[in-house]
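FYI, it's all coordinate maths here, none of it is from the lab. The structure displayed is predicted, hence computed values, not measured ones. Positions of Cβ are backbone-derived with ideal geometry, glycine not excepted, and every protein chain shown enters the neighbour counts.
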Amino acid sequence: MKLGIEDAQGERTQRIYARLAGFLLLWLIINGLGSTLLFSQIAGSGTFAETAKRIAASERLYRVALCSQVIETLCAVLLAFALYATLKMLFAVKTQARSDPAPATVLDRGFG
């Protein structure tokens, strides 16, 4: 009876991590595209002096884009943890299935 409760709690936790991973993946896509477009609008093309002038003219927007990149990196680390936590239970079940004794084969018994 207790095992069923623990399984339900484990599945609930795994589902929460899976939803978090999905949300973070969507966030990374949207944030990455937005900050890339923002950087390209600010920096543009041209010489170093022209680019520096455009960055100085929109300094606050450039800082927002840089902060967005930092947040994106931190979210990528959190995504890696959420995927690890989600898939950890699946690998544990797979490993447990492998440890069950299987019927002996010709290679296990030898040829003699």
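Annotations for the structure displayed:
- Computed from label points 7 Å out along Cα-Cβ, the spacing between TYR84 and GLU59 is 3.9 nm.
- Expressed as a fraction of 2.2 N^0.38 Å, the value expected for a compact globular protein of N residues, the C-alpha radius of gyration of the range 1-95 is 1.66.
- Pair ALA49, THR13: separation of 7 Å Cα→Cβ label points (nm): 6.2
- Each other residue within a Cβ distance under 13 Å of TYR17 adds +1 if Lys or Arg and -1 if Asp or Glu, for a net charge of +3.
- Rel. contact order, % - alpha carbon contacts under 8 angstrom, at least six apart, the range 2-89: 47
- Estimated vicinal HN-Hα couplings, Hz - the range 66-83 in sequence order (Karplus 6.51, -1.76, 1.60; Gly, Pro = x): 5, 4, 4, 5, 5, 4, 5, 5, 5, 5, 5, 5, 5, 5, 4, 5, 5, 5
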